[in-house]
Amino acid sequence: MKVTRIGVINIGDELLLGQVIDSNSARIGQFLAPLGLSVHRKWCVGDDANEIKYALCEASETSEIILITGGLGPTRDDVTKKVLAEYFGVGLVFSEENYSHLKNLLEPRNVPIREVHRQQCYMPANATLLENKMGTAMGMWMENGGKIYVAMPGVPYEMDYIMTHGVLPGLIAKSYSSNMYHQTIHVGGMGETEIAAIIEPLLDPLPEYISLAYLPALGTVRVRLTGNHENADLLKNQIDEYIGQMVISLGEKVFAAGDSSLEKAIGTLLMEKGLSIGTAESCTGGNIAHKITSIPGSSVYFKGGIVSYTNSVKNSLLHVSAHTLEFHGAVSEETVREMVVGCCTALGVDLAVAVSGIAGPDGGTDELPVGSIFIAAGNSDKIFTRKLKLGKDRSRNIETASIYALLLAREWILSPK
């Protein structure tokens, strides 16, 4: 089966300098997936005409669709339109449509229209404009030599709008789609090799048109099956059946499927069981609370968090006893147990998550080296605890501890009462 090859070109010095993280490529992939399409290659270049031309030449040789982001604004470094016009051998023409769009956007805000704004309205002569209600730079759809080129602003929410309202409808209208299908499961608290030992015997008869991928992150692994077949129903049924077998074999270690997250899965569980949750954090500094509240609607089950960075706060707000702090230390199982109980009392929640440790890069001892972190989840009736032995990277330790604390909370929620 012929696969439509899609290339992405991201333009901007800020991307190469590391000042801005390229999120557009990931978003483009997510937008294309429902059409059964996927990106096969991407380029990242600076605001340099020669580099942009080079990327265009390479992309044109290997792709039927080329999606470009960045370099469409009014400033001197925005050279994408000029390069595209030269590449296609067409001139730049003033677009009344773009100028009208710009006036409608700026005049209600009392923003004066300057010459740089007018310059922004010059477009390659072969461009069809794509609406952008989120910003001044409109998208451009161009066709040349049987290939499609789409240029969009680099601002993520503007690109999102153009992809949704212009690019995807355009591709559908031209029947660009395939029978590609994929399913993903999210596994917590297991490594790739451990997961592979369980599921790969189930996949021995996996057809060659279905591929398996492991996508590891801190504390979790996404396992994905992807296929492409002329018989869409057959493909879907096969992948769904394999995924079902994997879920049964991995059991409760699977915390979500599809486009989800650990935080979202825990929120769903809490709502299903009518439970509320709070956090008591030391070395993670509120990161767990941030993760929980990143989910819309989390106010239904999340009541609050206490960042007890010092012993005095652990004692005064969470009622960790002075005896425990003196004889067991702030970084101990005993302390996080008392933090859990104190948090439940202070916030009036059914379940609390507590963390205390040495995130680093300094502060460790022979008995408790950097990366020693205790986590607990539960209430006065039942508490689960775990000790983590991590490395010396502070940011990584904070993120890993937060993930494992949420996994421990999930384990507590699912445990028999």
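Specify the residue that is surrounded by the most Cβ atoms within 10 Å (Cβ to Cβ); the eligible residues are those in region 218-260 that are without any contact (Cβ under 8 Å) to a residue 12 or more places away in the chain and of a type in the set (A, V, I, L, M, F, W, C). Once the filter is applied, the top-ranked residue is 234. Here the condition is being over 27 Å from residue 16 (Cβ atoms), of a type in the set (Gly, Ala, Ser) and modelled with pLDDT under 90; of 89, 73, 36, it holds for 36 alone. All of (1) within 18 Å of residue 320 (Cα to Cα); (2) touching a residue at least 60 places away in the same chain (Cβ under 8 Å); (3) part of a loop (DSSP other than H, G, I, E, B) hold for residue 381 with one exception: (2). Looking only at region 284-323, residues that are in a loop (DSSP other than H, G, I, E, B), under 24 Å from the mean Cα position of the chain (by Cα) and not polar (S, T, N, Q) come to 6 in all. Of everything in region 106-131, what is among the polar types (S, T, N, Q) and either surrounded by fewer than 18 Cβ atoms within 10 Å (Cβ to Cβ) or out of contact with any strand residue (DSSP E or B) (no Cβ under 6 Å at 6 or more places or on another chain) (or both)? Give them in sequence order. The answer is 110, 119, 120, 128. Just to be sure before I move on: is residue 278 within 30 Å of residue 347 (Cβ to Cβ) and assigned to a strand (DSSP E or B) in the structure I sent? The answer is yes for residue 278. On the given criteria, is residue 214 over 20 Å from residue 412 (Cα atoms) and in contact with a Leu (Cβ under 8 Å, 6 or more places away or on another chain)? Taking the combined requirement at face value, the residue does not satisfy it.
In summary, residue 355 fulfils each of the numbered conditions (1) modelled with pLDDT of 95 or more; (2) surrounded by fewer than 16 Cβ atoms within 10 Å (Cβ to Cβ) with the single exception of condition (2). Just one of the listed residues (378, 391) is closer than 20 Å to residue 219 by Cβ and surrounded by fewer than 20 Cβ atoms within 10 Å (Cβ to Cβ), namely 391. Among the residues that make up region 63-73, is at least one of them more than 20 Å from residue 14 (Cβ to Cβ) and surrounded by fewer than 20 Cβ atoms within 10 Å (Cβ to Cβ)? Checked against the condition, which is being more than 20 Å from residue 14 (Cβ to Cβ) and surrounded by fewer than 20 Cβ atoms within 10 Å (Cβ to Cβ), region 63-73 yields at least one hit. Filtered by the rule that a residue be in contact (Cβ under 8 Å) with a residue 40 or more places away in the chain, under 34 Å from the mean Cα position of the chain (by Cα) and in a loop (DSSP other than H, G, I, E, B), region 90-126 gives a lone residue, 120.
The values are calculated or read from the model by the stated rules, or taken from the named source; none is laboratory data. Given the structure is predicted, the values throughout are model-derived calculations rather than measurements. Using ideal geometry, Cβ is built from the backbone for each residue, glycine included, and neighbour counts are taken over all protein chains shown.
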